[in-house]
Every structure is written in structure tokens, then in C-alpha cells.
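Read-outs throughout are calculated quantities, based only on the coordinates presented, and are distinct from any laboratory measurement. On a predicted model such as this, the values are computed, not experimentally measured, just so you know.
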Amino acid sequence: STANAPEDDAPNRYSRTERTPYSRYSRDANSSGSSLPSNTLEKRIEELERELAKERQENARLMKMAQDKEELIGKLKEEIDLLNR
């Protein structure tokens, strides 16, 4: 169960870091006295949300690839073990 701990923690780590930029931008927008027009900030937030969606998709793809490779490694180890017997 110890080997799975880093994998189990990964989604929590990502969700914390994903929330941080939004809360930071919200605080900056409210406390800065609107140094930038709100529509500019809204466009920037939308741009960042699209970028985040792309990164999440890429992350999911890479995690799937890693999982597939781990499964293949396990199967190959079993096959090697059988051949050695």
C-alpha cells in the first residue's frame, strides 16, 4: 500500500495547485483597484481556463500511457518468470 501512496496523492496535489491561481487572480482583481479593465481580466481567466483544460487532458493522456506501460511491464515480468522456470 505504501507504493500506491504517491499516486493517490497526485490528484490532491494537482487540485490544490489548480485552485491556487484562481484564488490569487480573484484577490488581485479585487484588491488592485481594477488597474486592468474587468473584461481584460475575464478574457485572461478564460484563456487560462482553456489552457488548464488542455493541460488536464494532456496529463490524463500521459497518466494513461504510464499505466499502460506499467501493465505491460507486469505482463513481461510474468512471462520472463515463466520462461525462467
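Observations, loosely collected:
- Listed values for region 75-82 are Karplus-derived 3J(HN,Hα) couplings in whole Hz (6.51 cos²θ - 1.76 cosθ + 1.60, θ = phi - 60°), namely 5, 5, 4, 4, 5, 4, 4, 4, and x replaces Gly and Pro.
- Whole-Hz ³J(HN,Hα) from phi, Karplus 6.51 cos²θ - 1.76 cosθ + 1.60, for region 43-60, glycine and proline x: 5, 5, 5, 4, 4, 5, 5, 5, 4, 4, 4, 4, 5, 5, 5, 5, 4, 5
- Lysines whose Cα lies under 25 Å from that of LYS69, excluding same-chain neighbours fewer than 8 positions away: LYS54, LYS77
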